[in-house]
Amino acid sequence: MIRINLVGEGRKPVVAKSPTSRGPLLEEMMSGENAAVYWLLVPVVLGLIVGGIYWWTLRGTISDNRDVIAERQRRVNELQEIINRVEAYEREAAELERKIEVITELKDNQRGPVQMMDTISRALPELLWINRLDQNGERIQIDGQALNFNAISNFIEALDDSSLFMEPELNDSQERGDTFSYRITLRIERPASLEEDATS
């Protein structure tokens, strides 16, 4: 006769797993000494992530700044070329102005003595002549002789009538035998245009 044992001998009881049970790896990390290492690694990993994000952002900012600097440097170079041209034009203009002033001064210097000598020669009366004429700036000294004193008076009056000279002064007059020696001092009257330039 065959007998069947319906009672499971040696059968291991089934143990229900706790719903809060963690995986073996997590349990191992959270247990004992490993927990301290785990909590130390968390801020390091977070720091690396934050640092990576910051580095990436900073790298983009640096690249943008380099582009801006390169563009501004190019603009500076263009402006420097324009500044150099303007400075060159200013130097040329100053040189031309200086040359014009020199030419104008030479013309004035040439015209001044010619006009002065022409005015004096026209003022010379008969019976009077000039022995010496000295000019020091605007001051003119005339030394000469005349056959009579009336000739000297006529000469002074003619010089006084000229618009080129200020009122002449008779500094010395002496009779020497048949002639009279004289010394006249006068100043050149400055033209109105020159006076305006001096006061402006």
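Throughout, read-outs are computed from the coordinates displayed, never taken from laboratory work. Computed from a predicted structure; not experimentally measured. Heads up, the Cβs are rebuilt from the backbone with ideal geometry, glycines too, and the neighbour counts pull from every protein chain shown.
Take the range 84-188, compute every pairwise Cα distance, and split them into 10 Å bins from 0; I just need the percent in each bin.
14, 37, 19, 11, 9, 6, 3, 0
Show me 124-134, 74-84 ranked by packing, highest mean number of other Cβ atoms within 10 Å first.
Descending mean neighbour count gives 124-134, 74-84.
Please state the Cα pair-distance histogram of the range 112-162 with 10 angstrom bins from zero: what percent is in each bin?
Binned Cα distances yield the sequence 24, 60, 16, 0.
Using only the Cα atoms of the range 43-112, what semi-axes does the equivalent ellipsoid have when each is the square root of 5 times a gyration tensor eigenvalue? Give whole Å, largest first. Show your work: numbers first, answer last.
Details: eigenvalues 862, 16, 3 Å².
Values for the range 43-112, descending: 66, 9, 4 Å.
Using the Cβ atoms and a cut-off under 15 Å, what net charge is assigned to the surroundings of Pro125, where Lys and Arg are +1 and Asp and Glu are -1? Can you show the working numbers first?
On the way: positive: Arg122; negative: Glu126, Glu157, Asp160, Asp161.
Net charge around Pro125: -3.
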